[in-house]
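Just below is one structure, and these are the notes that go with it.
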Amino acid sequence: MSSLTKGPDLKPPLKAVNKAIEKIWKTTEFEIIDNNEISCNNSGCWYKIISNQQELGLLYNGRINSCRSGGCSVNLSEEAISYEYFDYLLFTNNNGKVLWVKIYNYQATQGHEVMSRGWLNQFKGIHSGTALEFGRDIETISGATVSASALTDDIQNVLSCAF
């Protein structure tokens with residue numbers, strides 16, 4: 001599992017990864033390997049989840065840059081912008097159907113509501129190619145609009161890139 005540290009210094013909570021895999025696929029015998037068929041972008045990487053030489057599904061370990069403290073509309077040059085970020089895990093089946101989403105390492109100063117299990121469950125069942133409109137298909141969250149919108153966009157983008 002040490003290969004889950006590629007990308008922008010992403011270090012997912014291995015305990016949470018193991019627990020999610022056990023819950024989703026009902027197995028404790030698995031390995032996670034790089035998915036060389038899907039290239040890493042600058043915000044995350046894809047991995048295959050394999051059990052008994054059979055591919056169960058995929059794991060995406062990603063980072064989303066959010067607005068810095070002070071808001072999105074503060075006018076600074078690109079060099080001076082310091083982003084806040086959060087990291088998340090996205091589990092899919094082999095056909096691009098979302099099975100589980102978990103946010104970890106939330107570094108933003110606002111918007112922690114986006115980590116709610118109830119809100120994240122909206123993504124379950126979404127497929128690659130599904131057009132998601134934040135506020136219509138995915139509920140908004142008061143106090144977490146920027147983070148919730150960014151996660152919605154990122155999930156849609158990484159699914160369309162991979163499948």
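As a footprinting exposure proxy, order Cys161, Cys45 by other Cβ within 10 Å, with the fewest listed first.
On the way: Cys161 13, Cys45 21.
Fewest-to-most ranking of Cys161, Cys45: Cys161, Cys45.
7 Å from Cα along Cα→Cβ at both Arg117 and Leu132: what's the point-to-point distance in nm?
About 2.0 nm, to one decimal.
Could you please rank Asp34, Asp154, Asp87, placing first whichever residue has the fewest other Cβ atoms within 10 Å of its Cβ?
Details: Asp34 14, Asp154 19, Asp87 23.
Lowest count first: Asp34, Asp154, Asp87.
Could you list which residues have their amide H under 5 Å from that of Tyr104, counting only those 5 or more apart in sequence or on another chain, with H placed in the peptide plane?
Asp87, Tyr88, Leu89
None of the figures in this text is laboratory data; all of them are computed from the coordinates on show. None of the values given here were measured: they were computed from a predicted structure. Here Cβ is always computed from backbone atoms with ideal geometry, including for glycine, and neighbour counts include all displayed protein chains.
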